[in-house]
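Novice: Sharing a structure with you now.
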């Protein structure tokens with residue numbers, strides 16, 4: 001099922017599929033160098049059904065070099081993107097919109113029993129996402145519909161700019177927290193994938209803090225295995241696709257783990273759609289650097 005906000009010629013997964021098990025991969029901040037090539041090569045090993053680019057894809061004047069890098073996985077409509085800062089230059093923006101048959105830079109789709117929602121959160125709000133924007137209305141209505149759909153067991157949101165972050169180059173964006181984290185809590189979002197910071201971070205399950213102290217509420221101190229679902233989403237930073245990494249100057253109390261590695265997140269939906277198994281594979285030896293599971 002495709003939810004409009006985007007048009008794709010081929011639907012590549014529906015809630016009616018007999019086997020709900022599949023896998024998808026995600027990373028952002030690729031660029032076009034050797035690290036980006038290695039990330040794509042290692043993604044291919046997992047044979048993903050869905051590939052998500054979390055923004056800041058090409059750092060050059062055009063998108064051509066990135067299209068070349070990702071060409072091995074840019075097949076059958078499985079490659080999806082979030083719009084980042086480097087996609088907002090007018091000529092490149094047009095390239096991406098045309099290449100991915102997008103009529104709007106935010107959209108959603110279903111694969112198996114997973115609902116995916118892509119947000120457009122590039123700099124200076126060139127694409128508005130405030131409470132009166134078309135995007136906000138789309139996201140609110142879309143999450144409400146997914147939450148009420150009995151065929152959907154998982155909701156995954158992906159966005160370029162970070163909602164929450166340890167101390168590093170870019171802070172978590174408080175306006176995104178205030179606007180959208182309450183919706184994520186209300187409609188049962190499971191995982192939020194974000195980029196912008198060129199490092200890896202994973203939080204505890206978090207609820208929005210209504211006192212507006214910009215420190216979210218940790219709802220579960222478990223670090224790897226979550227049984228019976230969760231109260232509040234896990235936020236994963238994946239600016240690890242290939243560009244130079246950003247150092248940390250501290251670790252937020254709501255962040256479980258953080259490190260500097262190039263690589264990608266691989267998520268397997270398993271056991272007929274009832275278990276989410278996530279692993280971060282670093283490019284060095286394609287080894288597993290972080291792991292968590294959610295069982296519903």
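Novice: Given the residues 101, 130, 140, which is the only one that is closer than 30 Å to residue 19 by Cα, assigned to a loop (DSSP other than H, G, I, E, B) and in contact (Cβ under 8 Å) with a residue 24 or more places away in the chain?
Specialist: Working: 130 fails: closer than 30 Å to residue 19 by Cα; 140 fails: assigned to a loop (DSSP other than H, G, I, E, B).
Sole residue among the options that is closer than 30 Å to residue 19 by Cα, assigned to a loop (DSSP other than H, G, I, E, B) and in contact (Cβ under 8 Å) with a residue 24 or more places away in the chain: 101.
Novice: Going through the range 14-46 one residue at a time, which ones are assigned to a helix (DSSP H, G or I) and in contact with a helix residue (DSSP H, G or I) (Cβ under 8 Å, 6 or more places away or on another chain)?
Specialist: Within the range 14-46, 36, 37, 40, 42, 45 qualify.
Here is a yes/no grid of residues against (1) within 20 Å of the chain's Cα centre (by Cα); (2) in a strand (DSSP E or B); (3) touching a residue at least 12 places away in the same chain (Cβ under 8 Å); (4) buried (at least 24 other Cβ atoms within 10 Å of the Cβ):
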site: 48; (1), (2), (3), (4): yes, no, yes, no
site: 52; (1), (2), (3), (4): yes, yes, yes, yes
site: 65; (1), (2), (3), (4): no, no, yes, no
site: 68; (1), (2), (3), (4): no, no, yes, no
site: 109; (1), (2), (3), (4): yes, yes, yes, no
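Novice: In the range 251-290, what residues are assigned to a strand (DSSP E or B) and touching a helix residue (DSSP H, G or I) at 6+ places or on another chain (Cβ under 7 Å)?
Specialist: Within the range 251-290, 263, 264, 281 qualify.
Novice: Going by what's in this entry, would residue 220 be described as in contact with a strand residue (DSSP E or B) (Cβ under 9 Å, 6 or more places away or on another chain) and assigned to a loop (DSSP other than H, G, I, E, B)?
Specialist: Considered against the rule, which asks whether it is in contact with a strand residue (DSSP E or B) (Cβ under 9 Å, 6 or more places away or on another chain) and assigned to a loop (DSSP other than H, G, I, E, B), residue 220 comes out as yes.
Novice: Give the residue, chosen from 198, 181, that is surrounded by 22 or more Cβ atoms within 10 Å (Cβ to Cβ), on the phi < 0 side of the Ramachandran plot, out of contact with any helix residue (DSSP H, G or I) (no Cβ under 9 Å at 6 or more places or on another chain) and in a loop (DSSP other than H, G, I, E, B).
Specialist: After ruling out the rest, the residue left standing is 198.
Novice: Within the bounds of the range 153-165, is there any residue that is free of Cβ contacts under 8 Å to residues at least 24 places away in the same chain, crowded, with 24+ Cβ neighbours inside 10 Å, within 18 Å of the chain's Cα centre (by Cα) and not in a helix (DSSP H, G or I)?
Specialist: No; the residues of the range 153-165 include none that is free of Cβ contacts under 8 Å to residues at least 24 places away in the same chain, crowded, with 24+ Cβ neighbours inside 10 Å, within 18 Å of the chain's Cα centre (by Cα) and not in a helix (DSSP H, G or I).
Since every read-out is calculated from the coordinates, none of them should be taken as a lab result. Being a predicted model, the structure only gives us computed values, none of them experimental. Virtual Cβ from ideal backbone geometry, glycine too; neighbours counted across all protein chains shown.
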